[in-house]
Amino acid sequence: MKILEKIKLDMRGALKKRKSDELIVLRSLIAKLKNNEISKGRELNEDEVIKVIRTSIKQIKESINIYKKAKRLELAEKEELELMIIESYVPEMLSDEQIQDLVEKAIMKVKAESLSDMGKVMPIIMKEGGSLIDGNKAREILKQLLE
């Protein structure tokens, strides 16, 4: 089942069970996804849906930090609940070991030998890893292996 379909199904379930907090979060997420579809003029593919969700997660984490610094703990708790709900829709990221394997395969594929070859290797790594890979972590590992 596609992620967007699952979100819509869960939203209907939250509506039936009268879970207002979950309902608000899911409606907001669906609205963000729909706005993104409208701006692109087409349906989003799974990678694009995941990207929008990850952006939302990043924004929520920033809000939590701001609320905690301002000692607005009740708002931080609300955001943490929202974060928990949204994170359940994102697939697990690749582990460091999996990223390392992917990077090593890409290096062999391109026959990269120095840091100047990073521009050739990174696109392959990102294409192979898709939305499941942390680009910054991959870049760090690549740098270590090429130095």
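Could you give the C-alpha radius of gyration of the stretch 6-84 expressed as a fraction of 2.2 N^0.38 Å, taking N as the number of residues it contains? If you can, show how the numbers build up before the last one.
Details: Rg = 14.0 Å, N = 79, 2.2 N^0.38 = 11.6 Å.
Against the compact-globule rule of thumb, the ratio is 1.21.
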Item to complete: Could you tell me the convex hull volume per residue, in Å³, taken over the Cα atoms of the stretch 74-147?
Response: 101 Å³
Worksheet item: Rounded, prolate or oblate: which fits the stretch 56-101, taking a ≥ b ≥ c as square roots of the Cα gyration tensor eigenvalues, rounded meaning a/c under 1.5, else prolate when a/b beats b/c?
Response: prolate
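With respect to the cross-link table entries LYS2/LYS34; LYS2/LYS51; LYS2/LYS32; LYS17/LYS58; LYS40/LYS127, which display a Cα-Cα separation exceeding 18 Å?
Pairs exceeding the cut-off: LYS17/LYS58; LYS40/LYS127.
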Practice prompt. Between the alpha-carbon centers of the stretch 68-147 and the stretch 1-24, tell me the distance in whole angstrom.
Written response: 29 Å
Worksheet item: Kirkwood hydrodynamic radius of the chain from all distinct Cα pairs, in Å?
Response: 17.5 Å
Item to complete: Determine the gain in length on full extension of the stretch LEU115-ASN136; use 0.36 nm per residue of separation and subtract their C-alpha separation, reporting nm with one decimal.
Response: 6.0 nm
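No lab work stands behind these numbers, since they all come straight from the coordinates. Small disclaimer: the values here were computed from a predicted structure and weren't measured.
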